[in-house]
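Notes follow once the structure below has been shown.
Read the figures in this text as sums done on the coordinates, not as results from a lab. Everything quoted here is computed from the prediction, not taken from an experiment. Quick reminder, even Gly has a Cβ in these numbers, built from the backbone with ideal geometry, and neighbours come from all protein chains shown.
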Amino acid sequence: MLLISVILLVVGVVLIVLRWRGVFDGRASIFGGLASLLLGLGLGLTTFVHVVEPTEVGVPTTLGKVGSAWQPGLHLKSPLTDVTTFSTRPVDLNLTGDSTVEVRSSEGGVLYADVTLKWSIDPKHAVDLYKLAGSEDSVQQRLVYSDSREIVRNVFARYTNVEGYSSKREAISSEIDKLVVERLTPRGIVVNGVNLRNVKPSDSLQKAIEAKIQQDQATAQAQASVATAKAEAEKKRIEAEAQANANQLLANSLTDKILLSQCIEAFKAAAEKNPVYASPCGGTGNPVIVDSTKR
């Protein structure tokens, strides 16, 4: 900008001098020279000021020397000072499509993880980020992009195929969020959220996962059947023991005298309804019954 301003000023002066010496006739050369002077002067003045927008922070550099960060507002500067601005608005970094992260599980299976990371620059660290990366695009590419992909790969490497694909998705997302914040915050990058949007296994891994799920279901059913059989066997054992105990108690309680008494009582009851003669139960336990109605 400064070079263009100087050129315009020189052109304006030359036109006016040539008109004054009579090289050019008419007012066109005068008007052209004045316009060139005014335009060059205006462009020259813009090299002495710089406006930082409300959602930006500026980092000035003069002949290779980095100054303090400029907050939003109007700032006076030297024409030799360049200002690099960083946006402080949150930015979405989408690791999807061509940028999808290819990861491997603890079992060696290949999965593809789609991740969205929302980040922004901490104005207090703008100068450090400028020295480290040079521009906002470089901050995203060299720091946020590369570090996030590395963390996603490292986290998935601690989980199995099935865990990474389905059962541990929420835990994996939380762990990625935590590690990304721990890595980027000290560098002056504010992480506003990490979202594990989708996890897709490779074709070969998809078949292996489906087979594993079916095997786990079959194993669970077999274990349930075994548990049921054990419960039934235990129930029968308990019932058998209870019956044996009852029989033992009954056997212990049926003495000869008790049996004889019960026999006599039984024949008494029968004699009340039938014309029989009941012979008392003998020691053999076989009573003799005589029906009086028959010979």
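Worth pointing out:
- Estimated FRET transfer efficiency when R0 is 41 angstrom, pair Glu102-Ala227 (beta carbons, to 0.05): 0.45
- Within region 54-139, GluC sites (Glu not before Pro) in DSSP loop having at most 16 other beta-carbon neighbours inside 10 Å: Glu107
- Summing Lys and Arg as +1 and Asp and Glu as -1 over all other residues whose Cβ lies under 13 Å from the Cβ of Thr61 gives a net charge of +2.
- The simple spin-label model puts a point 7 Å past each Cα toward its Cβ; for Thr219 and Asn154 those points are separated by 3.1 nm.
- Of the cross-linked pairs Lys77/Lys131; Lys168/Lys212; Lys168/Lys200, those separated by over 18 Å at the C-alpha level are Lys77/Lys131.
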